[in-house]
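Enquirer: Take this structure, written in C-alpha cells, and hold onto it; I'll ask about it next.
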Amino acid sequence: MLNQTLVQEVVLDNKIVERAALPEMIRKAEAAQTPLEQYLIDQHLTTEADLHQAIAKKLNLPFIDLEQNVIDPAAVQLIPENVAQKHHLVGFAKDDAVLKIATTNPEDLQTLEFIRRTTGLEIALHYTTPSSLHNALTVYHQDIRAEFQDLAKTVSHIDLSASGQPESSEQNQLKKLASELPIIKIVDTLLQYAIIEGASDIHIEPTEQEVIVRYRIDGILQDAMNLPLDTRDGIIARIKVLSNLKIDEKRLPQDGRFKILEKGEKISFRVSALPVYDGEKVVLRLLHEGSQAIGLEKLGWQPEALEVVQRNIKKPHGLILVTGPTGSGKTTTLYTIVQQLNTAKVNICTIEDPIEYRMPRINQSQVNPKIGFSFAAGLRALLRQDPDIIMVGEIRDEETAEIAINAAMTGHLVLSTLHTNDAATTLPRLADMQVPAFLIASTTNIVIAQRLVRKICSKCITTYTLDAQAIAELKKQFAIEEMFADLQRSGRITADQTIEKMNFSKGQGCAHCHNSGYKGRIGIYEVLEITPAISALILQNAGKDAINAVAREHGMVTILEDGFMKVQQGITTIEEVLRVTKE
C-alpha cells in the first residue's frame, strides 16, 4: 500500500479535495476499509490515471501506462510470477544491462534489490496504475488457451484397458481417467483461468460433438473454450473426485463442494452435476472466502440511502429485508451488513442454504431438508442459542415468516431475503404469508430492493447523446419525463438536465474488458424505511402502489432512478439499467 501521507500531499497539491474536506474523506475511506487513493477514484473525484500520474511526479519516477506499451515477455519471465503478484510489480522491457520494472509499490526496496541480485541487471523503476499492472500480470497466462488445446490432444491417447478390478470396470476406468495427468492439468487450468477472468460460475456442457465451457463474468455467460468430446468423461470424473461425489452415478443430480488455495486465498467451488441428453452438465460456483468484508460504502449506495441503512442496522431489534431476483447481490448485501455488526459484544447466528462465505465469530448453520432441518426448524433452534442478531438465508414459507417476525418482535435483529421485484411489494407479500398487518408494521425496519449492473470499462469509456428515435423508444418503456421531474424536485439533478441534453457513457471495447465495454459490477438500490406514514398504510392493507407513492414523497429513490443517477455519473449504461430493471 502507498504511504498515505504521500497520497494526502498529492491530493492537496493537485486540489483534488480541499484541505478542510480532507479529514472527512480520510474518515470515510477508513470506514470503507479502502486506501484513500482508491476511495477518491470510487467517488469520481479524480480518475485513476490522473491521480497516479500525480503520485509518480511526486515520487520523481517516470509514469508508464502498460496498456499503451508493448510488454517484452522476456522481461516478464525474469521475475517469478509469485514475486510479481505478491509485490505488485512486473518487468516490461530489458536490454543487456537494464531491466525496466513497473510497480505500484515503489517503496519495496528489499524486493527490488533481490531482483537486481538474481537477474544481474540494474533496475530502472517506473510507476503505473493498479489496473494497468493487473492487466500486465495476465501476460503470465497468455498461453493458457493453447495449453488447454495441447492437453486435450493427449487425452484421446490415454489407455484405459487395464481397469484393475473387472466387477466394477466403469467405476475403475473413471477413477483411472480422473487420475491421469492431462485430465488433472485440464481441470486445474480451467479453474485457474476462471479465477483470473473473475468468473462467478463455470458451466461445463457436453454436446454431441464437443464439450463447451462457459464462464459467467459480471453476470453474463460467455463462451470460454470448446474442448474435444474425448475430454468429457475425464473432466467430469475429476471434478466428482474433487467434490467427493459418486463417480459412476450418472442418472441422478448430485451436489458437492471443494476448496483450492490460489495465491494465498481460499476459493470454494460449489458443484452441481445434472444428467442431460449428452451426458452430465456440471456447474461450479466460485466463492472467494476472504472477499465478503468489503464495507457497505463500496457496494454503490447513494449517500442518502446509505444513511438510512446505517441508521436502521444499528437498531437493537426489528426486521431488515433484502429483495430482488436470483443473482442480484442480496447475499453480498446481507453478509456485508452482518460483517459490520460483528463484534465481541453480540452473538450472531445464521441459517443458510448454502453457507457461501465463512465468517469468523459467527455461528453459521446450513439447512438440510433431507433430515428435516429446514429454515423454520433451524430458526426455531437458533432462538434457543441466546442470539442478538439472526440472519435467515431466505423467507420461503409461512412458518419461517411467522418465526422471523416473532423473533424481531421479541428483541432480536433479524436479517433475511425475499424474492420480490421492488421494496414496496415485500410488505403485501408478507401479508400473503399470513403475517398480521400490525406485526409487519411494528417489526419491519427497512426493505432494500436491489439489482446488479455492469460498470463501464474505465479504459475505453466514451460519451454520446441519444437521438430522437432512441428517446422515443425509451419513453415507450418508462415514464422518463416523470422520473426526471422527481429527480429535479429532489435536487439530485439540475433543472436544465433533460433526457435530450444528457450525456450518456459507454465502453467501446478493449483488451482490458475483453471487448465487452464493461468491467466489474455495482448495485442499484431502493431503500424503503418503515416510517409512521408507511406503517399506517400497512395497517390499512394498502397495495404496493400506495406504499410506493408515499415512500417517494418522503424521499425514497426507486431502483430505476438510482440506475439513471449512476448513468448520469458515467458508472453504467442506460442499456444495463433497462436490462436489469425490466420486469
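Enquirer: Residues to consider are 327, 378; find the one that is assigned to a loop (DSSP other than H, G, I, E, B) and of a type in the set (Gly, Ala, Ser). Give the derivation first.
Expert: On the way: 378 fails: assigned to a loop (DSSP other than H, G, I, E, B).
One residue alone meets the criteria, 327.
Enquirer: Which residues, counting only those in segment 518-540, are more than 26 Å from residue 296 (Cβ to Cβ) and surrounded by fewer than 21 Cβ atoms within 10 Å (Cβ to Cβ)?
Expert: The answer is 536, 539, 540.
Enquirer: For segment 413-429, name all the residues that are buried (at least 24 other Cβ atoms within 10 Å of the Cβ) and either among the aliphatic types (A, V, I, L, M) or touching a helix residue (DSSP H, G or I) at 6+ places or on another chain (Cβ under 8 Å) (or both).
Expert: Matches in segment 413-429: 413, 414, 415, 416, 423, 424, 427.
Enquirer: Which one of 474, 539 is of a type outside the set (Gly, Ala, Ser) and modelled with pLDDT of 90 or more?
Expert: On the way: 474 fails: modelled with pLDDT of 90 or more.
Unique residue meeting the criteria: 539.
Enquirer: Let me confirm something: among 335, 357, which residue is buried (at least 16 other Cβ atoms within 10 Å of the Cβ), assigned to a loop (DSSP other than H, G, I, E, B) and under 22 Å from the mean Cα position of the chain (by Cα)?
Expert: Matching residue, one of 335, 357: 357.
For every residue, the table says whether it meets (1) in contact with a Ser or Thr (Cβ under 7 Å, 6 or more places away or on another chain); (2) within 18 Å of residue 417 (Cα to Cα).
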residue: 313; (1), (2): no, yes
residue: 333; (1), (2): no, yes
residue: 353; (1), (2): no, yes
residue: 357; (1), (2): no, yes
residue: 361; (1), (2): no, no
residue: 364; (1), (2): yes, yes
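Enquirer: OK, next. Look at segment 399-421 and say how many of its residues are closer than 21 Å to residue 331 by Cα and more than 23 Å from the chain's Cα centre (by Cα).
Expert: Residues meeting the conditions: 10.
Enquirer: Would you say residue 515 is open to solvent by 30 Å² or more (accessible area, probe 1.4 Å), in contact with a Gly (Cβ under 6 Å, 6 or more places away or on another chain) and not hydroxyl-bearing (Ser, Thr, Tyr)? Before the answer, list the steps.
Expert: Details: open to solvent by 30 Å² or more (accessible area, probe 1.4 Å): yes; in contact with a Gly (Cβ under 6 Å, 6 or more places away or on another chain): yes; not hydroxyl-bearing (Ser, Thr, Tyr): yes.
Considered against the rule, which asks whether it is open to solvent by 30 Å² or more (accessible area, probe 1.4 Å), in contact with a Gly (Cβ under 6 Å, 6 or more places away or on another chain) and not hydroxyl-bearing (Ser, Thr, Tyr), residue 515 comes out as yes.
Enquirer: When you go through 499, 534 one by one, which is the residue that is part of a helix (DSSP H, G or I), on the phi < 0 side of the Ramachandran plot and β-branched (Val, Ile, Thr)?
Expert: 534
Enquirer: Find all pairs meeting these conditions: Cβ atoms under 6 angstrom apart; at least six residues apart or on different chains; first residue within segment 266-283 and surrounded by fewer than 16 Cβ atoms within 10 Å (Cβ to Cβ); second residue hydroxyl-bearing (Ser, Thr, Tyr) and in a strand (DSSP E or B).
Expert: From segment 266-283, no pairs qualify.
Enquirer: While we're looking at this one, here's another question. Would you pick out the residues in segment 434-469 that are open to solvent by 20 Å² or more (accessible area, probe 1.4 Å), under 31 Å from the mean Cα position of the chain (by Cα) and not polar (S, T, N, Q)?
Expert: Within segment 434-469, 452, 454, 455, 459, 461, 464, 466 meet the criteria.
Enquirer: Can you report the number of residues in segment 541-570 which are open to solvent by 50 Å² or more (accessible area, probe 1.4 Å), in a loop (DSSP other than H, G, I, E, B) and in contact (Cβ under 8 Å) with a residue 60 or more places away in the chain?
Expert: 2
Enquirer: If you don't mind, another one. Looking at (1) open to solvent by 60 Å² or more (accessible area, probe 1.4 Å); (2) closer than 26 Å to residue 300 by Cα; (3) in a helix (DSSP H, G or I), which is the one condition that is false for residue 67?
Expert: Failed condition: (2).
Enquirer: Follow-up. Can you tell me which residues in segment 465-514 are hydroxyl-bearing (Ser, Thr, Tyr) and either touching a residue at least 40 places away in the same chain (Cβ under 8 Å) or farther than 14 Å from residue 574 by Cα (or both)?
Expert: Within segment 465-514, 490, 494, 498, 505 qualify.
Enquirer: Moving on. Any idea which of 230, 255, 223 is open to solvent by 60 Å² or more (accessible area, probe 1.4 Å) and in contact with a helix residue (DSSP H, G or I) (Cβ under 6 Å, 6 or more places away or on another chain)?
Expert: Of 230, 255, 223, the one residue that is open to solvent by 60 Å² or more (accessible area, probe 1.4 Å) and in contact with a helix residue (DSSP H, G or I) (Cβ under 6 Å, 6 or more places away or on another chain) is 230.
Enquirer: Further, regarding this structure: Going through segment 86-104 one residue at a time, which ones are under 19 Å from residue 35 (Cβ atoms) and surrounded by fewer than 17 Cβ atoms within 10 Å (Cβ to Cβ)?
Expert: 86
Enquirer: What number of residues within segment 8-34 satisfy the criterion of being modelled with pLDDT under 85 and open to solvent by less than 70 Å² (accessible area, probe 1.4 Å)?
Expert: Within segment 8-34, residues that are modelled with pLDDT under 85 and open to solvent by less than 70 Å² (accessible area, probe 1.4 Å) number 4.
Enquirer: Inspect segment 287-306 for any residue being surrounded by 19 or more Cβ atoms within 10 Å (Cβ to Cβ) and closer than 28 Å to residue 227 by Cα and give the result as yes or no.
Expert: Looking for residues that are surrounded by 19 or more Cβ atoms within 10 Å (Cβ to Cβ) and closer than 28 Å to residue 227 by Cα, one finds at least one in segment 287-306, hence yes.
Enquirer: Looking only at residues in segment 571-583 that are in a loop (DSSP other than H, G, I, E, B) and more than 20 Å from the chain's Cα centre (by Cα), which one is nearest to residue 463 (Cα to Cα)?
Expert: Of everything passing the filter in segment 571-583, 582 is nearest to residue 463 (Cα to Cα).
The values are calculated or read from the model by the stated rules, or taken from the named source; none is laboratory data. The structure presented is a predicted model; accordingly, all values stated were derived computationally and were not measured. Note: ideal-geometry Cβ built from the backbone for every residue, glycine included; neighbour counts use all protein chains shown. Please note that ligands, DNA and RNA were not included when accessible areas were found on the heavy atoms of the full protein model with its side chains. Shrake-Rupley method; radii C 1.70, N 1.55, O 1.52, S 1.80 Å.
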